[in-house]
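What follows is one structure encoded as structure tokens, with my remarks underneath.
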Amino acid sequence: MNKNGWVTRGLAGLGALALGLTMAGCSGGSGSASRPENEIHIAMYGDAGNTVEQKIIDTFNATSEVKVVLDKIPGAEYQSKLQTIMDTPNAPDIFFNWGGGSIKSFVDADLVLPLDDFIKEDPQLKEAFLPSVFDTAVIDGKSYGIPMRGTQPVMLFNNSKVLADAGISAPPATWEELLEDVKILKDKGITPIALGAGDRWPTLMWFEYLYDRVAGDGLFKKALEGDTSVWESEDSRKALGMLRELVDAGAFGTNFDSVKFTDGGSPALLASGKAGFELMGSWEYSTQQSNDAQFAAEVLGYSEFPKVEGGKGDENNLVGNTNNFYSVHKNTRYPEVARDFLKLMYSDQFVQEQVGIGNLPTTTNTEKFLDKAADPEYAKYQFNLVKEAPSFQLSWDQAYPPEATVTILTAVSQFFSGQIDEDGFIKAMQSL
Amino acid sequence: MTTTLANRRRPTRAGGPEEGRPARRNGSSSSRPGFVWALPATIFFGLFALVPLIAVAVLSFTTWRGLGDPKFVGLKNWESLFQDPVMLQSLWLSLLFIVLGIVTQTPLSILLGVWAAGTQKNRAILSAIYFVPLLLSSAAISVLWRALLDPNFGIPGQMSWLFGDGNVLGTQTGAIAVLIFVGMWQFTPFHTLIYQGAAKQIPPVLYQAASIDGAGTVRQFFSITLPQLKNSIITSVILMVVGGLTTFETVLILTNGGPGTSTTITAFHMYQEAFRRFDFGAGSAIALVLVIISTAISFAVVRVSGYDKMRSSLEGL
């Protein structure tokens, strides 16, 4: 009995010691040594487009000794997850981003590998992409990102069958026509415009476009540079007034705050014919396609955001995501493998696959594949929009640093649901 | 969790080796095992509870975005914390959630628990069914209810006489009601389990005596069952208070703190500051406020209820 007691005590002590040692092993030791051998990890925004990324990876892994692993992170939490792992041993080797503001803090913290040496060896890594797009990920003269996926302008999508049934022959070209269409659809008992306000960023798109159409692309640029007085300007109040008018006209129905885009709520409204329009990024196409390919190809319509009479903005201006990028972490164990993988981003296969799901890569060879797109008409329409747009404003929540995002998104959603008025919105934006 | 483990371990192991332990060893006259016995649990608690707690306390005086090293900024985070209208509102909301949670879950779980402690015919099967929500993860439950409550394709779309336009999650009242309801659906089985175990421990002789005295079922419930469950009620309420303060997944997935900031309870506000705004200093300050409040409430409940004296409810039997 006595002996038994001592044994137990000894075991407990050993256990405690082991626990302490394990803990010590967990902490410390960043850098390439602690990274897995023969693997590089890509942190990827998880959505319907991941199939193409996986296909490219499969192609690459077939001949590479070091395997690429795609770590899909659910879209809504992507930015938070990335920020928390970037400065730890669990950081990805390659990570998806939006260029510009989204990688600035990582570059400042010296966590991103400048790609200029790679480009010197293989100039195609730069020259294969449209310069205006490539430059979004150039910071202080150094290149930090290779464009991937595609450019994602926001467009006004519609269910052409619903519009035809309601006697609307063409998508609205002007704001007045949009208000008319809203009235027609509402009278027929259809929600005129689907809005996933539960996600909040779909609401923001309405602000981005209306501010651009009414005040031109200069207002937001000034605000971003720190001139908060623009939010009080006459144009700003006019845009807010028009938004209020649209909401009050019942354009989004009354229950939009309970609907989300990310769980499929608002795309389903459009696809099922319960709504006539949805303002969304170009990924609406691949979202609808993965649910119902026939609907995407035959019924889904699209048009530019309507122009505003007397507005200062060019009617061809776009808002949205200028492009997505892959950047390389400074501590990666296999920089050469990362380089070789990035070369696939301008390969014919990649461009063709992206075009096939409705994405629009911005490589110089994109145009020759547009005929092979799932919907060539859609691909060409989008390509011309981007090519002809005098200004392409990056989404406000990506243009501002991440800490501003919560304030912006809360303000737009509160304005739509009527919790704050114009002054409340202006005050919130001026607090940034 | 770890403290309860430590407490539980002590008496069970004490019985074994102690009887045979001779008093001669090092002159130890203690009848209880030494500190070494509590060491594994203490180390575990220290590493996974105290160390992070201290780290959070330190972080609350710094500014840190998750990259590089934190910089000390003194009391700045604390000053802005008490001027933040969302923070003050979130404390009221958290309080509301706790109170509504207790009010809805306690009566239901007591009734179910007492019923499940009986010997009725279908009891075992039905109890097993009631138990199911406890087996699901909070995230799964939230996604499930989110889909069920979709205004166009879910239950509200089919029952407009009850839900109107179906904007359940778009109003403050509706969103709070949904969160309370889902919390009730999720956690009632757990508290039922506590009451079932406690109700089974009540000596049948009490009921026999009562029925001889002519007390009916209702009278027996209020005069015997409820008083006998007193300690379990306190345990259950403390768990609800702490659970209510740290409710998070359901808020994140079901309402995202909205509409606007209408359901931004303190725990969600903490997440938002730390992992959306990447202001880990401010997030840590909120975390510390949560720790202080939940500790204070737990102490208060224990004190007021006399739970700390652990008075037996079976005296005289």
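Residue-wise test of (1) part of a helix (DSSP H, G or I); (2) touching a helix residue (DSSP H, G or I) at 6+ places or on another chain (Cβ under 7 Å); (3) within 14 Å of chain A (Cβ to nearest Cβ); (4) closer than 23 Å to B:Thr62 by Cα.
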site: B:Ala267; (1), (2), (3), (4): yes, yes, no, yes
site: B:Gln272; (1), (2), (3), (4): yes, yes, yes, yes
site: B:Phe275; (1), (2), (3), (4): yes, yes, yes, yes
site: B:Ala282; (1), (2), (3), (4): yes, yes, yes, yes
site: B:Ile292; (1), (2), (3), (4): yes, no, no, yes
site: B:Thr295; (1), (2), (3), (4): yes, no, no, no
site: B:Ser298; (1), (2), (3), (4): yes, yes, no, no
site: B:Val302; (1), (2), (3), (4): yes, yes, no, no
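Listed by position, the helices (runs of 4 or more DSSP H) inside region A:48-135 whose residues that are farther than 30 Å from A:Thr262 by Cα and within 14 Å of another protein chain (Cβ to nearest Cβ) number at least 1 are A:101-108. In this structure, B:Tyr195 does not qualify as in a helix (DSSP H, G or I), in contact with a helix residue (DSSP H, G or I) (Cβ under 9 Å, 6 or more places away or on another chain), surrounded by 15 or more Cβ atoms within 10 Å (Cβ to Cβ) and at pLDDT below 90. For region A:290-336, the set of residues classified as of a type in the set (A, V, I, L, M) and in a helix (DSSP H, G or I) consists of A:Ala293, A:Ala296, A:Ala297, listed by residue number.
When the criteria are applied in full, B:Gly74 fails the requirement of being touching a residue at least 24 places away in the same chain (Cβ under 8 Å), among the small types (Gly, Ala, Ser) and outside any helix (DSSP H, G or I).
Flag set for A:Glu278, criterion: within 14 Å of chain B (Cβ to nearest Cβ), buried (at least 21 other Cβ atoms within 10 Å of the Cβ) and under 22 Å from A:Ala389 (Cβ atoms). Scanning region A:374-420 for residues that are assigned to a helix (DSSP H, G or I), more than 30 Å from A:Ala297 (Cα to Cα) and in contact with an Asp or Glu (Cβ under 9 Å, 6 or more places away or on another chain) yields a total of 10.
Looking across A:Pro361, A:Pro335, one residue alone is surrounded by 17 or more Cβ atoms within 10 Å (Cβ to Cβ) and under 23 Å from the mean Cα position of the chain (by Cα). It is A:Pro361. Identification of helices (runs of 4 or more DSSP H) wholly contained in region A:176-261 with 2 or more residues that are over 26 Å from the mean Cα position of the chain (by Cα) and at pLDDT 95 or above yields A:234-248.
The set of residues in region A:133-143 being within 16 Å of A:Lys104 (Cα to Cα), surrounded by fewer than 24 Cβ atoms within 10 Å (Cβ to Cβ) and touching a strand residue (DSSP E or B) at 6+ places or on another chain (Cβ under 7 Å) consists of A:Phe134 alone.
Among residues of region A:316-332 being among the hydroxyl-bearing types (Ser, Thr, Tyr) and within 14 Å of A:Leu115 (Cβ to Cβ), the one that is surrounded by the fewest Cβ atoms within 10 Å (Cβ to Cβ) is A:Thr332. Restricting the first member to region B:45-56 and to residues that are touching a residue at least 12 places away in the same chain (Cβ under 8 Å) and within 12 Å of chain A (Cβ to nearest Cβ), and the second to residues that are exposed (fewer than 14 other Cβ atoms within 10 Å of the Cβ) and acidic (Asp, Glu), no beta-carbon pair is closer than 9 Å while six or more apart or on different chains. Against the criterion of being outside any strand (DSSP E or B), touching a strand residue (DSSP E or B) at 6+ places or on another chain (Cβ under 8 Å) and buried (at least 24 other Cβ atoms within 10 Å of the Cβ), A:Val351 qualifies.
Across region B:242-265, which residue is farthest from B:Gly183 (Cα to Cα) among those that are modelled with pLDDT of 90 or more and more than 14 Å from chain A (Cβ to nearest Cβ)? Among them, the one singled out is B:Ile265. Taking the conditions exactly as written (more than 14 Å from chain A (Cβ to nearest Cβ), under 30 Å from the mean Cα position of the chain (by Cα) and closer than 30 Å to A:Ser413 by Cβ), does B:Phe181 satisfy them or not? Here the answer is yes, as B:Phe181 does meet what is asked.
Okay, residues lined up against (1) crowded, with 21+ Cβ neighbours inside 10 Å; (2) within 14 Å of chain B (Cβ to nearest Cβ); (3) not small (Gly, Ala, Ser):
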{"position": "A:Lys368", "(1), (2), (3)": "no, no, yes"}
{"position": "A:Asp371", "(1), (2), (3)": "no, no, yes"}
{"position": "A:Ala374", "(1), (2), (3)": "no, no, no"}
{"position": "A:Lys380", "(1), (2), (3)": "no, no, yes"}
{"position": "A:Leu394", "(1), (2), (3)": "yes, no, yes"}
{"position": "A:Ala404", "(1), (2), (3)": "no, yes, no"}
{"position": "A:Phe416", "(1), (2), (3)": "yes, yes, yes"}
{"position": "A:Gln419", "(1), (2), (3)": "no, yes, yes"}
{"position": "A:Glu422", "(1), (2), (3)": "no, no, yes"}
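Got at least one residue in region A:282-289 being more than 21 Å from A:Leu185 (Cα to Cα), of a type outside the set (Gly, Ala, Ser) and in a loop (DSSP other than H, G, I, E, B)? Yes, the conditions are met somewhere in region A:282-289. Across region B:159-172, the qualifying residues are those that are assigned to a helix (DSSP H, G or I) and away from chain A (no Cβ under 13 Å), and the one among them that is farthest from B:Met240 (Cα to Cα) is B:Trp161.
The values are calculated or read from the model by the stated rules, or taken from the named source; none is laboratory data. Keep in mind it's a predicted model, so treat the numbers as computed, not measured. Neighbour counts run over all protein chains shown; Cβ positions are idealised from the backbone, glycine included.
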